[in-house]
Amino acid sequence: MRPLRKVLQADLPEQIAKGGLVGPRLTTLIAYLKGFCHASYSTIRKYLRDVIQVTISRGQLRKVIGKVCSALDGPYQELLKALPAEPGLKRGRNRPQGQWQADVDLVLPGQSVPLFKIDPHRSGDVLIAVLGKEFNGVLGCDYFGAYRRYMREFDVTLQFCLAHLIRDVKFLMTLPGKQEKAYGTRLRDALRTLFRVIHQREQMSAVQFQVRLEAARDEVLRVGQQDVPSSRPAQAMAKRLRQHGSSYFTFVTTPGAQPTNNLAEQAIRFVVIDRHITQGTRSEGGQRWCERIWTVIASCTQQGRSVFDYLYAAVKAYFGDGVAPSLLPAG
């Protein structure tokens, strides 16, 4: 009897089919080196070759990063959907120059959910798409026009950054005209008085602190709109305070709001470092990777979680057709 010559091929296990030639732990290591350590594909390839004695091509490394990006998509989308419901929101923005086609916006709600969003446009449409038309929190930001449009069209509460205002006031003091310098000096002194009150908060009762804080706020607005020189920078400052001055002092009457967006600015420092080291990315896939890995790094750092452990859990869940762990803080 002649034997049957038939080739039988079993289906690969789900984990092997998704992972391919690289297992979950090595996949996590590659993602950690790429995202957290700012390593280039060439550097990762040399590290794997010399230290782990595994040879992987640059193309395969790109595929690995693409899989990790997919593994992080679920937790990222969960954060994105949670943003409009956040009671408090800090927003900073980072504008890479030259080497990036897309700008980076950081959305940092209170002390709970950092999230990064990359978009090729800086218009208010992006802000509306991310936060929605019924955002009920406090949006901490600089004086960028997209935020003012968002406030104007949807009656959103803003807290313009006082640190940025102080920087612009100091610029007035550098102008050659004596009147501009005097105007800038008066504004600076009024702002100093305001921050002196803030720093003395522990020495006063709650009622006394509130009274003095509101008085200091009113003095800043008064000084900014009286005896204004005719020069364009001084007139622009007076117009800003006249139209939107109250939004620089939302923190005075809104518990939990902060006078600056320093938390958001601090949260994007590692992004700036990454951009300087890696020179950024221009591809759609690269932008999606940056959004997700930066969000993971910022969230885990803020919550005291291990970035590597989180990535490993997310990759194992993805390879096994499971659910990645949430980035939302517990409780």
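The values are calculated or read from the model by the stated rules, or taken from the named source; none is laboratory data. Since this is a predicted model, take the numbers as computed values, not measurements. Cβ atoms come from the backbone with ideal geometry, glycine included; neighbour counts cover every protein chain shown. Ligands, DNA and RNA are excluded from the accessible area calculation, which covers all protein heavy atoms including side chains. Shrake-Rupley method; radii C 1.70, N 1.55, O 1.52, S 1.80 Å.
What the table below lists for this structure:
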{"item": "Region 174-187, subset assigned to a helix (DSSP H, G or I) and open to solvent by 60 Å² or more (accessible area, probe 1.4 Å), residue farthest from Glu219 (Cα to Cα)", "result": "Lys178"}
{"item": "Residue that is most open to solvent (accessible area, probe 1.4 Å) [pool: residues in region 113-133 that are in a loop (DSSP other than H, G, I, E, B) and without any contact (Cβ under 8 Å) to a residue 40 or more places away in the chain]", "result": "Lys133"}
{"item": "Selection within region 148-198 - out of contact with any Asp or Glu (no Cβ under 6 Å at 6 or more places or on another chain) and small (Gly, Ala, Ser)", "result": "Ala163, Gly177, Ala182, Gly184"}
{"item": "Answer residue from region 37-60, given it is open to solvent by 80 Å² or more (accessible area, probe 1.4 Å) and touching a residue at least 12 places away in the same chain (Cβ under 8 Å) and is farthest from Trp289 (Cα to Cα) among those", "result": "Tyr47"}
{"item": "Ala190 small (Gly, Ala, Ser), surrounded by fewer than 12 Cβ atoms within 10 Å (Cβ to Cβ) and closer than 21 Å to Phe249 by Cβ", "result": "no"}
{"item": "Helices (runs of 4 or more DSSP H) fully within region 247-324 counting 2 or more residues that are closer than 27 Å to Pro24 by Cβ", "result": "269-278, 284-303, 307-319"}
{"item": "Flag if Leu26 is within 13 Å of Ile65 (Cα to Cα), in a helix (DSSP H, G or I) and at pLDDT 85 or above", "result": "yes"}
{"item": "Qualifying residue in region 71-84 (condition: open to solvent by less than 20 Å² (accessible area, probe 1.4 Å), at pLDDT 95 or above and not in a helix (DSSP H, G or I))", "result": "yes"}
{"item": "Qualifying position, being part of a helix (DSSP H, G or I), among the charged types (D, E, K, R), surrounded by 16 or more Cβ atoms within 10 Å (Cβ to Cβ) and touching a residue at least 24 places away in the same chain (Cβ under 8 Å), among Arg212, Arg240", "result": "Arg240"}
{"item": "Region 134-173, residues that are of a type outside the set (Phe, Trp, Tyr), open to solvent by 50 Å² or more (accessible area, probe 1.4 Å) and assigned to a helix (DSSP H, G or I)", "result": "Arg148, Arg149, Arg152, Glu153, Arg167, Lys170"}
{"item": "Meets criteria (open to solvent by 40 Å² or more (accessible area, probe 1.4 Å), within 16 Å of Leu162 (Cα to Cα) and among the acidic types (Asp, Glu)) for Asp227", "result": "no"}
{"item": "Ala267 vs. criteria open to solvent by 20 Å² or more (accessible area, probe 1.4 Å), closer than 23 Å to Phe195 by Cβ and not aromatic (Phe, Trp, Tyr)", "result": "yes"}
{"item": "Residue that is nearest to Glu14 (Cα to Cα), among those in region 298-331 that are of a type in the set (A, V, I, L, M, F, W, C) and loosely packed, with under 15 Cβ neighbours inside 10 Å", "result": "Val323"}
